[in-house]
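This report concerns only the one structure given below.
The values are calculated or read from the model by the stated rules, or taken from the named source; none is laboratory data. Since we're looking at a predicted model, the values are computed, not measured. With ideal geometry, Cβ positions are generated from the backbone for all residues, glycine too; neighbour counts draw on all protein chains shown. Surface accessibility is based on the protein's heavy atoms, side chains included, excluding ligands, DNA and RNA. Shrake-Rupley method; radii C 1.70, N 1.55, O 1.52, S 1.80 Å.
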Amino acid sequence: MAFRETPKDFTISSFNVKNLIGPEQEYYTFEEYTQEEYAWKEDWLADQLLTMNADIVGFQEIFERPALYNVIRETNERGAASNADVIPSKNKRYHRKAIFKKLAYEEYGNDTLFFAPNIFDGTPGNRRPGLAMLSRFGFDGTPEVIQELPEPLTIKFPELGGGEAGTYTLTKLSRPIIKARIPVHGRVITVFNCHLKSKLGEFIKPEGAQFAPEANPLEYDPVGRAIGELRSMLRRTAEAAVLRQLIVDELARDNPVFVLGDMNDGDHAVSSAVITGERPFKNYAWMRRHDATKRNHRYSDEQNIQIQEAINSVRLTSAEKLFVQKSLRDMVYTSAFGGVYESIDQILMSRHFNPENPNAIGSMEYFSVLNDHITDGSHPEAPYNKLASDHGQIMAHMRLR
């Protein structure tokens with residue numbers, strides 16, 4: 001039975017679970033869970049999912065559907081037990097039963113989970129994770145999986161001073177993107193779930209070699225490592241461009257859009273900037289025109305409005321940044337890697353939910369972060385736990401108008 005604060009409320013979240021797979025299965029080289037470790041991880045994930053109690057969840061790093069299904073089933077059982085404890089029955093007289101509504105848990109049904117495997121998933125020790133989407137509202141049609149591109153993305157590079165400097169071509173994404181249409185209180189919302197290329201460098205292994213030379217830190221190659229990071233960044237940013245095209249296609253149809261996921265871009269936020277879209281200047285009327293033939297040839301006030309509208313109509317808003325602005329908080333951290341705490345998980349939304357848009361169909365009421373467990377073991381006072389996630393879970397509390 002559903003209990004919501006108002007009929008128009010819903011919550012949407014992103015959850016990188018960190019390598020979810022059943023016990024005694026080698027996912028990466030020499031990495032697997034014992035029966036006891038898997039039981040602990042399933043228990044922890046169920047607790048987190050129950051605490052979130054989100055209507056829509058985008059999961060990353062899912063190796064197989066059965067393992068996630070077990071977590072959801074355990075969550076449902078704990079939710080039912082919690083409801084029995086906190087929700088008054090008809091034979092109990094409570095002065096204000098409405099105060100218990102926020103404590104209630106609504107179970108996830110059999111048709112609420114969609115899993116997208118990774119086309120690069122391989123043999124034991126060489127597994128590759130996929131994604132999943134969980135929705136209490138179900139789905140409007142079958143969600144779409146994008147990983148093999150119908151047409152390659154080819155990015156041309158011009159040579160400075162003239163000529164061509166080559167191209168970069170992307171034919172497949174490192175992980176799938178899920179595109180789901182979800183009916184929410186009478187409105188259909190398009191939700192993308194993504195996990196862009198990791199920040200680990202891409203090194204080329206010579207033919208016949210056991211490993212790439214740059215992978216050996218005992219013979220540290222700073223330039224080779226930098227080139228490996230450049231390859232990784234280029235791939236990740238190109239994947240972001242693919243997602244950006246999918247987003248723009250939806251916005252061209254005036255479909256409300258959310259983007260969830262692990263964008264792996266940290267401090268520089270390159271891929272997030274590509275996905276979110278260009279940030280408009282305050283006033284284009286003071287800018288010299290692109291086709292100026294005179295020193296004072298600038299855009300008009302009317303053209304400034306036209307440009308602002310063209311940019312804002314396809315720009316996404318960060319739920320985290322809205323929350324930071326609203327609450328005057330300094331920062332939200334969702335990940336720790338190498339002793340660096342940063343924010344690489346995102347919930348982005350179209351201007352259908354932007355408070356600055358007078359025609360918005362809804363707004364974000366609050367933004368939650370569950371990150372008290374985040375540690376990578378680099379600090380002695382924060383021991384590493386490989387069974388919990390190394391990401392925080394983020395959730396936007398939304399309200400439709």
List the pair-distance distribution P(r) of region 158-236, using every Cα-Cα distance, as the percent of pairs falling in each 10 Å bin from 0 up to the bin containing the longest distance, rounded to whole percents. 15, 27, 27, 18, 9, 4
Rh (Kirkwood, all Cα-Cα pairs) for the chain, Å, reads 23.3
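What translational diffusion coefficient, to the nearest whole µm²/s, does region 21-67 have by Stokes-Einstein, given a Kirkwood radius computed over alpha-carbon pairs, a temperature of 4 °C and 1.567 mPa s viscosity?
Working: Rh = 11.9 Å.
D = 109 µm²/s.
Taking each pair of distinct Cα atoms in region 242-382 once, what is the resulting Kirkwood hydrodynamic radius in Å?
Details: mean 1/r = 0.0572 Å⁻¹.
When all Cα pairs of region 242-382 are included, the Kirkwood radius is 17.5 Å.
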Ordering of 110-119, 292-301, 78-87 by burial proxy (mean other Cβ atoms within 10 Å per residue, highest first): 110-119, 78-87, 292-301
Per-residue accessible area, 1.4 Å probe, largest first, puts Arg235, Arg175 in the order Arg235, Arg175
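Work out how much length Tyr28 to Tyr220 would gain on full extension: take 0.36 nm times their residue separation and subtract the Cα-Cα distance, in nm to one decimal.
Full extension from Tyr28 to Tyr220 adds 66.7 nm.
Greater than 20 Å separation of Cα atoms is the criterion. Which listed pairs, Lys172/Lys386; Lys18/Lys197; Lys197/Lys321; Lys172/Lys199; Lys41/Lys197; Lys18/Lys172, meet it?
On the way: Lys172/Lys386 30 Å; Lys18/Lys197 15 Å; Lys197/Lys321 23 Å; Lys172/Lys199 17 Å; Lys41/Lys197 24 Å; Lys18/Lys172 23 Å.
Pairs exceeding the cut-off: Lys172/Lys386; Lys197/Lys321; Lys41/Lys197; Lys18/Lys172.
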Pseudo-spin-label distance His268 to Arg128, built 7 Å along Cα→Cβ, given in nm, is 2.3
Take the alpha-carbon centre of region 213-244, take the same for region 278-299, and report the distance between them in whole Å. 37
Within 10 Å, count the other beta carbons around each residue, average over each peptide in 60-68, 360-368, 32-40, and list them highest first. 60-68, 360-368, 32-40
In whole Hz, with x marking every Gly and Pro, tabulate ³J(HN,Hα) for region 198-214 from phi via Karplus 6.51 cos²θ - 1.76 cosθ + 1.60, θ = phi - 60°. 5, 7, 5, x, 9, 10, 9, 8, x, 4, x, 7, 7, 7, 6, x, 5
Dividing the Cα convex hull volume of region 1-82 by residue count, how many Å³ per residue is that? 93
Counting only DSSP beta bridges with both partners in region 161-310, the antiparallel fraction in percent, to the nearest 5, comes to 55
Highest first, please rank the peptides 130-136, 241-247, 150-156, 386-392 by the mean number of other Cβ atoms sitting within 10 Å of their residues. 130-136, 386-392, 241-247, 150-156
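Calculate what fraction, in whole %, of the accessible area of the chain sits on carbon and sulfur atoms when a 1.4 Å probe is rolled over the protein chains. Display every interim value, and only then the final one.
Values: 11220 of 21550 Å².
Roughly 52 percent of what the probe reaches on the chain is carbon or sulfur.
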Projecting the Cα atoms of Gln245, Gly261, Pro380 onto the charge dipole of the chain, where Lys and Arg contribute +1 and Asp and Glu -1 at Cβ, the residue farthest towards the positive end is Gln245
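Given a 1.4 angstrom probe, what's the average accessible area per residue across the chain, in square angstrom? Display every interim value, and only then the final one.
On the way: 21550 Å² over 401 residues.
Accessible area per residue, the chain: 54 Å².
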Build a GNM of the chain with springs between Cα atoms under 10 Å: which of Gly186, Gly161, Gly261 gets the top mean-square fluctuation? Gly161
